[in-house]
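*Asks:* My questions will all concern the structure given below.
The values are calculated or read from the model by the stated rules, or taken from the named source; none is laboratory data. Computed from a prediction, not measured in an experiment: that's the story for all the values here. Virtual Cβ from ideal backbone geometry, glycine too; neighbours counted across all protein chains shown.
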Amino acid sequence: MAEYNLLQKKILTDGVIKPGNVLKVDSFLNHQIDVPFVSVLGKEFYDLFKDRPIDKILTIEASGIGIASLTAVYFHVPVLFAKKSAGSNMDKELYTTEVKSYTHNKVNHVVASKKFLSEGEHILIMDDFLANGCAVEGLIDIAHQAGAIVEGVGICIEKGFQGGGDRLRAQGYDVKSLAIIEEMDAESGSITFR
Ligand code: 5GP
């Protein structure tokens, strides 16, 4: 029998597969937050990346903020979350990038204030999900605009069959996901992990 890690077990018991390859984990990860549980995931990310010099964790609102914050507690660093702004914003004080939203099927202009991200800072990028990779690529773009160094990418749930994670790994990024879904089926409810 397959051995499952903590997050994989939780996905199997509490996750709900929706049509369109969307997994809902809103009972514990990204709507209601099971803080003691997600804190344990935060400690797992700390153990995975503790040998790296992390100055700041960069994520995207809203669903990355929980896991990023509960990881930052262990690193003793701040969390910066990129904001989804309504329109294009050419404000000189902002880094801006475009992110195609997987779950809402629209393009968001995503911004972060220049005063909170500087050249030479060592960044850990985090998010709840990695699917096609657009959100993480947008965060990498913001980090590069700042001249920051991306030390790694920490993801709770990667949908491996959508390819974003493997593309980032092929580009040399250290992407670590606590659960990688290889296959999921909305009708039967079955989930296979890599
Ligand atoms: P990507 O940009 O990699 O295609 O998708 C990642 C982003 O879309 C994450 O920020 C996450 O919030 C959202 N997302 C992608 N797939 C799922 C999913 O299956 N379930 C949920 N809840 N969010 C998802």
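*Asks:* Being of a type in the set (Val, Ile, Thr) and either touching a Gly at 6+ places or on another chain (Cβ under 8 Å) or modelled with pLDDT under 95 (or both) is the requirement here; does residue 140 meet it? Lay out the reasoning, then the answer.
*Replies:* On the way: of a type in the set (Val, Ile, Thr): yes; either touching a Gly at 6+ places or on another chain (Cβ under 8 Å) or modelled with pLDDT under 95 (or both): no.
So residue 140 fails the test.
*Asks:* Turning to a different aspect of this structure: Pick from segment 1-52 the residues that are of a type in the set (Asp, Glu) and closer than 18 Å to residue 154 by Cα: which of them is farthest from the chain's Cα centre (by Cα)?
*Replies:* Let us first name the residues in segment 1-52 that are of a type in the set (Asp, Glu), namely 3, 14, 26, 34, 44, 47, 51.
Now drop any that are not closer than 18 Å to residue 154 by Cα, which leaves 44, 47, 51.
Details: 44: 14, 47: 17, 51: 20 Å.
Only one residue fits best here, namely 51.
*Asks:* Any residue in segment 72-98 that is in a strand (DSSP E or B) sitting within a Cβ distance under 7 Å of a residue that is β-branched (Val, Ile, Thr) and at pLDDT below 95? List the pairs, counting only those 6 or more apart or interchain.
*Replies:* Short answer, once both residue conditions are applied: 98/107.
Results for (1) modelled with pLDDT of 95 or more; (2) surrounded by 13 or more Cβ atoms within 10 Å (Cβ to Cβ); (3) not aromatic (Phe, Trp, Tyr), shown as yes or no for each residue.
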residue: 46; (1), (2), (3): yes, yes, no
residue: 50; (1), (2), (3): yes, no, yes
residue: 57; (1), (2), (3): yes, yes, yes
residue: 70; (1), (2), (3): yes, yes, yes
residue: 86; (1), (2), (3): no, no, yes
residue: 107; (1), (2), (3): no, no, yes
residue: 122; (1), (2), (3): yes, yes, yes
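*Asks:* For segment 143-174, give me each residue that is buried (at least 22 other Cβ atoms within 10 Å of the Cβ) and within 15 Å of residue 45 (Cα to Cα).
*Replies:* Residues satisfying the conditions are 153, 154, 155, 156, 157, 158.
*Asks:* Which members of segment 153-189 meet the condition of being part of a helix (DSSP H, G or I), within 12 Å of the ligand (Cβ to nearest atom) and among the basic types (Lys, Arg)?
*Replies:* Answer for segment 153-189, where residues must be part of a helix (DSSP H, G or I), within 12 Å of the ligand (Cβ to nearest atom) and among the basic types (Lys, Arg): just 167.
*Asks:* Scan segment 1-52 for residues that are within 16 Å of the ligand (Cβ to nearest atom), part of a helix (DSSP H, G or I) and not hydrophobic (A, V, I, L, M, F, W, C) and report the count.
*Replies:* Final tally of qualifying residues: 3.
*Asks:* Filter segment 126-152 down to the residues that are in contact (Cβ under 8 Å) with a residue 40 or more places away in the chain, more than 7 Å from the ligand (Cβ to nearest atom) and closer than 13 Å to residue 175 by Cβ and list them by number.
*Replies:* The answer is 126, 139, 151, 152.
*Asks:* Sticking with this structure for a sec: What tally of residues in segment 72-84 results from selecting those that are surrounded by fewer than 16 Cβ atoms within 10 Å (Cβ to Cβ) and in contact with a Lys or Arg (Cβ under 7 Å, 6 or more places away or on another chain)?
*Replies:* The total comes to 1.
*Asks:* Additional query: Kindly list the number of the only condition in (1) in contact with a strand residue (DSSP E or B) (Cβ under 7 Å, 6 or more places away or on another chain); (2) among the polar types (S, T, N, Q); (3) away from the ligand (no atom under 16 Å from the Cβ) that fails for residue 118.
*Replies:* For residue 118, the failing item is (1).
*Asks:* Restricting attention to segment 107-114, does a residue exist that is within 15 Å of the chain's Cα centre (by Cα), farther than 22 Å from residue 160 by Cα and outside any helix (DSSP H, G or I)?
*Replies:* Here is the first cut: in segment 107-114, the residues within 15 Å of the chain's Cα centre (by Cα) are 110.
Filter once more, keeping what is farther than 22 Å from residue 160 by Cα: 110.
Now restrict to residues that are outside any helix (DSSP H, G or I): 110.
Yes, segment 107-114 has at least one match.
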